[in-house]
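In what follows, a structure is listed as structure tokens, so that the remarks can point back to it.
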2 protein chains.
Amino acid sequence: MSSEAELEVLGWRDGHIVALDQTALPHEIRMLHLTTVAALVDAIGRLAIRGAPVLGAAGALGVALAARLAERDGWDAARLDAAVKQLAEARPTAVNLRRETEAVAAVIPQGAAAVEAAALATMAATVTASHRMSERGARYLREVCGPAPLRVETHCNTGSLACLGWGSALGVIRALNNDQALAHVLVDETRPLLQGARLTCWELDQLAIEHYLIADAAGPFLIKEGLVDAVVVGADRVAANGDVANKIGTYSLALAARQAGIPFVVVVPESTIDPATPDGRRITVERRAGDEVTHVLGVPVAPDGTRALNYAFDVTPAALVTAVVTEDRVTNPAPRPRTRSHF
Amino acid sequence: MSSEAELEVLGWRDGHIVALDQTALPHEIRMLHLTTVAALVDAIGRLAIRGAPVLGAAGALGVALAARLAERDGWDAARLDAAVKQLAEARPTAVNLRRETEAVAAVIPQGAAAVEAAALATMAATVTASHRMSERGARYLREVCGPAPLRVETHCNTGSLACLGWGSALGVIRALNNDQALAHVLVDETRPLLQGARLTCWELDQLAIEHYLIADAAGPFLIKEGLVDAVVVGADRVAANGDVANKIGTYSLALAARQAGIPFVVVVPESTIDPATPDGRRITVERRAGDEVTHVLGVPVAPDGTRALNYAFDVTPAALVTAVVTEDRVTNPAPRPRTRSHF
């Protein structure tokens with residue numbers, strides 16, 4: 001039943017990386033076999049591998065791959081350093097990629113076998129953290145929202161595909177469902193790349209969790225209309241002051257949740273909180289190619305030659321965040337909303 | 001150069017209705033020849049004919065068609081009444097359709113020729129109103145935003161295709177451009193049916209007005225980031241208290257505009273303001289088929305069997321609306337924002 005029992009999202013086999021190509025879901029299951037750092041960087045760049053915690057694990061495995069190739073083919077230190085740097089910078093917004101890449105790279109002086117062990121330990125820790133944040137987040141939501149089964153809205157994909165284990169925000173949803181504390185999930189489609197429609201609906205379907213797909217622009221209005229009890233999302237980076245970078249569209253949900261007086265909860269591993277980023281203004285928001293917006297799954301939706309602005313992420317100010325839940329703790333950057341505001 | 005010089009959006013020819021099929025744009029120009037009320041109702045239902053003012057004109061022409069068929073084929077009064085009722089109810093959210101249908105139906109006792117004259121007068125008045133609200137809205141925006149060329153965000157389609165003439169919100173944008181007071185337009189794609197991507201980009205391209213397509217969920221964040229000077233939209237209905245029903249996604253823009261301290265301006269003909277609707281809670285928000293969300297231009301974007309919630313419109317409270325501009329006046333339901341709010 002569980003998707004990770006069926007499918008390997010990311011793994012290490014015979015000295016190379018295997019990864020599920022997430023651009024092909026839900027209509028095709030395609031496995032990638034990545035035997036070079038360049039192939040891994042390309043897969044990350046085109047979002048075949050995605051989700052902040054999975055990117056962290058992929059960075060760790062990428063260093064193991066580089067160390068192994070360096071040992072086998074006699075790379076010099078400069079070449080290995082360059083490969084590590086290329087990996088660390090493959091996606092600028094998610095902090096996990098840089099962090100786990102650099103952490104595992106610190107083991108390089110101990111040899112390729114030690115690097116491989118460190119990378120596999122990173123993978124295992126990612127899974128453990130997922131289960132712990134899922135349970136903690138579900139407990140927190142039941143505490144703040146009361147006992148009635150919850151109608152939860154989520155954005156993008158934060159399940160096994162993004163985080164290994166149960167996921168982050170989707171792990172919380174899964175834990176709520178296991179506790180009979182979930183009514184259903186509203187899934188934002190998450191344009192332009194439709195991770196909600198393609199990936200989250202697929203994971204929820206595998207788990208037999210009741211869900212409804214909605215257009216992104218409907219989310220804030222359904223919140224206003226009282227059809228949502230809590231918004232639960234993941235993040236690509238949480239700054240030291242609590243500002244949250246996540247998939248484009250997150251900000252509008254946070255604004256609507258504050259206006260409606262419902263909780264807006266961010267679920268991330270500790271490794272996504274970046275003390276080196278003082279606030280959201282210091283986060284690089286990746287701008288991607290315009291054709292992701294002018295096309296949907298390769299089909300043009302605008303006149304030929306239309307130019308698009310494609311901000312792939314947004315930054316939600318800490319003041320709009322009810323809580324950040326990790327494997328270790330619940331932090332409340334802003335006072336919890338107590339009453340609905342009316343206008 | 002102007003699109004309405006090239007294409008007939010809606011017209012009356014040899015006793016039947018001709019209409020541009022707006023579901024086929026921008027990649028195909030397909031004209032519909034509608035010779036029965038049922039065919040017109042079907043075209044309205046599937047959004048081949050759309051846009052509140054165009055729906056009003058289509059309702060007027062539909063009554064002319066019904067009156068002509070009734071005279072030719074000897075319908076009894078009950079059959080003619082039923083046809084008028086079917087027309088008036090073809091789309092529940094837009095008030096113009098019901099209003100113009102009923103206004104022209106009042107002429108039925110004077111015979112089919114009088115009905116036809118009344119319908120054509122409705123068409124002409126729609127065009128005149130469009131030009132007047134466009135000029136008035138542009139003047140208003142230059143007054144509240146100052147002299148620098150404006151970066152305007154808009155949602156859905158409100159140009160010639162929706163309103164005849166220049167349009168409503170897009171007419172204001174066109175008037176700003178004519179006055180050299182426009183920097184560029186940010187066009188929300190407007191999922192699920194992509195009227196922004198398909199229709200607004202097409203109209204702006206025809207008019208050689210600089211524009212950039214964005215994902216709907218990016219709109220509120222670009223407003224927060226200071227990349228938008230004003231949001232300008234049309235509406236399907238404005239209630240007596242100033243609440244505004246418009247395409248799903250409008251509410252989130254209004255919320256973000258208020259938060260950022262920029263104007264959120266609604267441009268409509270007087271016929272869209274409905275004194276019989278006291279407030280937004282009385283407006284029926286049309287829910288459409290889920291496959292509009294699970295598919296994009298016929299291509300599935302979610303796993304087979306995924307269920308969707310498809311609220312086609314939303315209601316923005318008057319308190320978030322800076323001004324409603326019509327052919328006759330500017331009304332300010334809420335005090336105009338004077339300062340940016342910070343959090």
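Tally the residues that are touching a residue at least 24 places away in the same chain (Cβ under 8 Å) and part of a helix (DSSP H, G or I), restricting the search to the range A:103-119.
Residues meeting the conditions: 9.
This table checks each residue for (1) more than 20 Å from A:ALA217 (Cβ to Cβ); (2) within 14 Å of chain A (Cβ to nearest Cβ); (3) assigned to a strand (DSSP E or B).
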position: B:GLU153; (1), (2), (3): no, yes, yes
position: B:THR158; (1), (2), (3): no, no, no
position: B:VAL185; (1), (2), (3): no, yes, yes
position: B:GLY226; (1), (2), (3): yes, yes, no
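Go through the range A:83-106 and give me each residue that's crowded, with 19+ Cβ neighbours inside 10 Å and either farther than 24 Å from A:SER160 by Cα or basic (Lys, Arg) (or both).
Hits for the range A:83-106 are A:ALA83, A:VAL84, A:ARG91, A:ARG98, A:ARG99, A:ALA105.
Determine, yes or no, whether A:THR200 is over 22 Å from B:GLY219 (Cα atoms), hydroxyl-bearing (Ser, Thr, Tyr), within 14 Å of chain B (Cβ to nearest Cβ) and in contact (Cβ under 8 Å) with a residue 12 or more places away in the chain.
yes
Of everything in the range B:229-254, what is of a type outside the set (Gly, Ala, Ser), outside any strand (DSSP E or B) and crowded, with 24+ Cβ neighbours inside 10 Å? Give them in sequence order. Spell out how you get there, then give the answer.
Residues of the range B:229-254 that are of a type outside the set (Gly, Ala, Ser), as a first pass: B:229, B:231-233, B:236-238, B:241, B:243-244, B:246-248, B:250-251, B:253.
So of that shortlist, the ones also outside any strand (DSSP E or B) come out as B:229, B:236, B:241, B:243, B:248, B:250-251, B:253.
Residues satisfying the conditions are B:ASP236, B:ASP243, B:ILE248, B:THR250, B:TYR251, B:LEU253.
For the subset of the range A:198-211 comprising residues that are in contact with a strand residue (DSSP E or B) (Cβ under 9 Å, 6 or more places away or on another chain) and crowded, with 21+ Cβ neighbours inside 10 Å, which member is farthest from A:LEU47 (Cα to Cα)?
Top of the filtered list is A:HIS211.
Residues in the range B:309-316: is at least one free of Cβ contacts under 8 Å to residues at least 40 places away in the same chain and farther than 29 Å from B:THR101 by Cα?
Quick first cut of the range B:309-316, residues free of Cβ contacts under 8 Å to residues at least 40 places away in the same chain only: B:309.
Cutting the leftovers down to farther than 29 Å from B:THR101 by Cα gives us B:309.
Yes, the conditions are met somewhere in the range B:309-316.
Search the range B:37-67 for residues being surrounded by fewer than 17 Cβ atoms within 10 Å (Cβ to Cβ) and not aliphatic (A, V, I, L, M), and hand back the single one that is modelled with the highest pLDDT.
Applying the filter and picking the extreme gives B:ASP42.
Considering only the range A:70-102, state which residues are closer than 19 Å to A:ALA43 by Cβ, part of a helix (DSSP H, G or I), free of Cβ contacts under 8 Å to residues at least 12 places away in the same chain and not small (Gly, Ala, Ser).
Listed by number, the list holds a single entry, A:LYS85.
Looking for something assigned to a strand (DSSP E or B), within 11 Å of chain B (Cβ to nearest Cβ) and crowded, with 24+ Cβ neighbours inside 10 Å - is there at least one such residue anywhere in the range A:278-291?
no
Quick check on B:ASP179: is it closer than 26 Å to B:THR23 by Cβ, in contact (Cβ under 8 Å) with a residue 12 or more places away in the chain and either more than 10 Å from every other protein chain (Cβ to nearest Cβ) or within 21 Å of the chain's Cα centre (by Cα) (or both)? Can you show your working first?
Working: closer than 26 Å to B:THR23 by Cβ: no; in contact (Cβ under 8 Å) with a residue 12 or more places away in the chain: yes; either more than 10 Å from every other protein chain (Cβ to nearest Cβ) or within 21 Å of the chain's Cα centre (by Cα) (or both): yes.
Considered against the rule, which asks whether it is closer than 26 Å to B:THR23 by Cβ, in contact (Cβ under 8 Å) with a residue 12 or more places away in the chain and either more than 10 Å from every other protein chain (Cβ to nearest Cβ) or within 21 Å of the chain's Cα centre (by Cα) (or both), B:ASP179 comes out as no.
Out of all the residues in the range A:124-137, which are in contact with a strand residue (DSSP E or B) (Cβ under 9 Å, 6 or more places away or on another chain) and either assigned to a loop (DSSP other than H, G, I, E, B) or crowded, with 24+ Cβ neighbours inside 10 Å (or both)?
A:MET133, A:SER134, A:GLY137
Restricting to the range B:292-313, and then to whatever is facing chain A (nearest Cβ under 7 Å) and either hydroxyl-bearing (Ser, Thr, Tyr) or under 16 Å from B:GLN195 (Cα atoms) (or both), can you tell me which residue is nearest to the chain's Cα centre (by Cα)?
Looking at residues that are facing chain A (nearest Cβ under 7 Å) and either hydroxyl-bearing (Ser, Thr, Tyr) or under 16 Å from B:GLN195 (Cα atoms) (or both), I get B:TYR311.
The values are calculated or read from the model by the stated rules, or taken from the named source; none is laboratory data. None of the values given here were measured: they were computed from a predicted structure. Backbone-built Cβ (ideal geometry, glycine too); neighbour counts: all protein chains shown.
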